[in-house]
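Working notes, beginning with the structure itself.
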Amino acid sequence: MTHTILFLAANPLGTDRLALDREARAIQVELERSGFRDSFDLETRWAAEPLDLLRELRKLRPTVVHFSGHGTSDIASARDAAAGPHRHVRVEERAPDHAKHGLYFQGPDGQPQLVSAAALADVFDAAGSSVKLVILSACYSDPQAKALLTHVDCVVGMRGSIRDDAALSFAIGFYGGLGERESVAAAFKQGCAAIGLEGLSDGDRPQLQSRQGVDPARLILASVEPRQPSAGAAAPPRRADLLTRLTNLLPSQFEEVLFRANIPEKYLPGATAPQATRAIEAIRYVEQNDRVEQLARAIAEAAQRG
C-alpha cells in the first residue's frame with residue numbers, strides 16, 4: 001500500500017521568508033534513500049490557500065498531511081528576533097482570542113489569511129477520514145494540534161516558536177524514520193534528535209500528541225516489504241558500506257575518488273577536516289544528486305589500483 005503525504009506550503013507576503021522548498025526537497029530525498037520508499041508518495045502544493053486543504057483532502061485522500069508555514073503569536077522574545085527566520089506572525093495582544101490561534105495560509109491577494117483551529121478541525125472532520133498523521137510545522141501550533149486529535153490519530157505541533165532551520169532538521173529526521181519503517185513515535189524522536197545534531201536548541205519544540213486509544217509506538221505506516229531491486233539488477237550500495245570504504249582509503253586515494261566522482265570541493269568540509277567527516281558529506285552530495293553508483297565505481301577502481 002502506498003501512503004500519500006500531502007505537503008502544503010504557505011509563505012504569504014509580509015512574513016519571514018522560509019526555506020520551504022528546501023524542506024520539501026529534503027523530505028523527498030529522505031524518502032527516496034529509505035528502504036521502504038515505495039510506501040510513500042509525496043505531493044507538494046505551493047502558496048497554499050485555505051480551500052486547497054479541503055480540495056486536496058478530497059482529491060488525494062492522504063495518510064499524512066504536513067503544513068509548513070506560519071502560526072500566530074501575541075508574544076515575541078529577543079531570542080526570536082536574533083535567531084533568524086521563525087514560523088510565526090505576531091498579532092496584537094488586544095486582538096480577539098479567535099485571532100490568536102491558527103495557521104496562516106495565503107490569501108488570493110498573496111497576503112496572510114488566518115485559518116482558526118476550529119476551522120481546521122471542521123475540515124478534517126468533513127474530509128479527512130483517510131488522514132492518520134498531521135505535522136503542523138509552524139510556530140505556536142500546539143493548540144491547533146490539540147483541536148485535530150478528535151479526527152486524527154497523531155498530530156505533531158510546535159510548542160512556542162521554532163526556527164526555520166530547526167523545522168527543516170526535524171523533517172529530515174522524522175521522514176527518514178518513517179521511510180525505514182519506524183513507528184510514528186520513533187520517527188518523532190529521530191526528528192527531535194536531528195535538531196540537536198545540527199547544533200540547534202529547538203529540539204524541545206515539536207510535540208507529539210495522539211488521540212485516546214492510539215499508541216504512536218505501534219503506528220507504523222510503511223508496508224511490510226521493502227522495495228526490491230528489479231530482476232537482474234544489483235542492489236544499490238548502502239550508506240554504511242560506502243562510508244566504511246571511503247574512510248579506509250588512503251588520503252591520496254580518497255582525493256582521487258572525489259575527483260573521479262565529480263564531487264565539488266565547495267560541498268565538503270576543508271581538507272584539514274577528518275576524512276570520515278568529508279566522506280559523510282561526499283555521500284550526502286551523491287545521494288542528493290543520484291550519483292551513488294558513480295561514487296561506488298570510483299571507490300572500487302581506487303581500491304583495485306592500491
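The values are calculated or read from the model by the stated rules, or taken from the named source; none is laboratory data. These numbers come from a predicted model, not from an experiment. Here the Cβ positions follow ideal geometry from the backbone for every residue, glycine too, while neighbour counts run over all protein chains shown.
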*For the range 250-299, enumerate the residues that are surrounded by 15 or more Cβ atoms within 10 Å (Cβ to Cβ), among the aromatic types (Phe, Trp, Tyr) and either modelled with pLDDT of 85 or more or part of a loop (DSSP other than H, G, I, E, B) (or both).*
254
*asked:* Let me spell it out: the conditions are (1) at pLDDT 95 or above; (2) more than 22 Å from residue 219 (Cα to Cα); (3) out of contact with any Leu (no Cβ under 6 Å at 6 or more places or on another chain), and residue 165 meets all of them except one. Which number is the exception?
replied: (1)
*Considering only the range 48-106, how many residues are β-branched (Val, Ile, Thr) and modelled with pLDDT under 55?*
2
*May I ask you to list pairs of residues, at least six apart or on different chains, whose Cβ atoms are under 7 Å apart, with the first in the range 43-65 being assigned to a helix (DSSP H, G or I) and the second being of a type in the set (Lys, Arg)?*
52/45; 56/45
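Conditions tested, residue by residue: (1) crowded, with 21+ Cβ neighbours inside 10 Å; (2) touching a His at 6+ places or on another chain (Cβ under 9 Å).
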| site | (1), (2) |
| --- | --- |
| 140 | yes, yes |
| 151 | no, no |
| 194 | yes, no |
| 212 | no, no |
| 220 | no, no |
*Among residues of the range 115-138, those that are in a strand (DSSP E or B) and surrounded by 24 or more Cβ atoms within 10 Å (Cβ to Cβ), counted*: 5
*Return the total of residues in the range 1-42 being part of a helix (DSSP H, G or I), farther than 18 Å from residue 163 by Cα and among the hydrophobic types (A, V, I, L, M, F, W, C).*
2
*asked:* Checking the conditions here, which among 155, 131 is at pLDDT 95 or above, on the phi < 0 side of the Ramachandran plot and in contact with a helix residue (DSSP H, G or I) (Cβ under 6 Å, 6 or more places away or on another chain)?
replied: 155
*Are any residues in the range 145-204 among the hydrophobic types (A, V, I, L, M, F, W, C), farther than 20 Å from residue 22 by Cβ and in contact (Cβ under 8 Å) with a residue 40 or more places away in the chain, and if so, which ones?*
145, 149, 152, 154, 155, 184
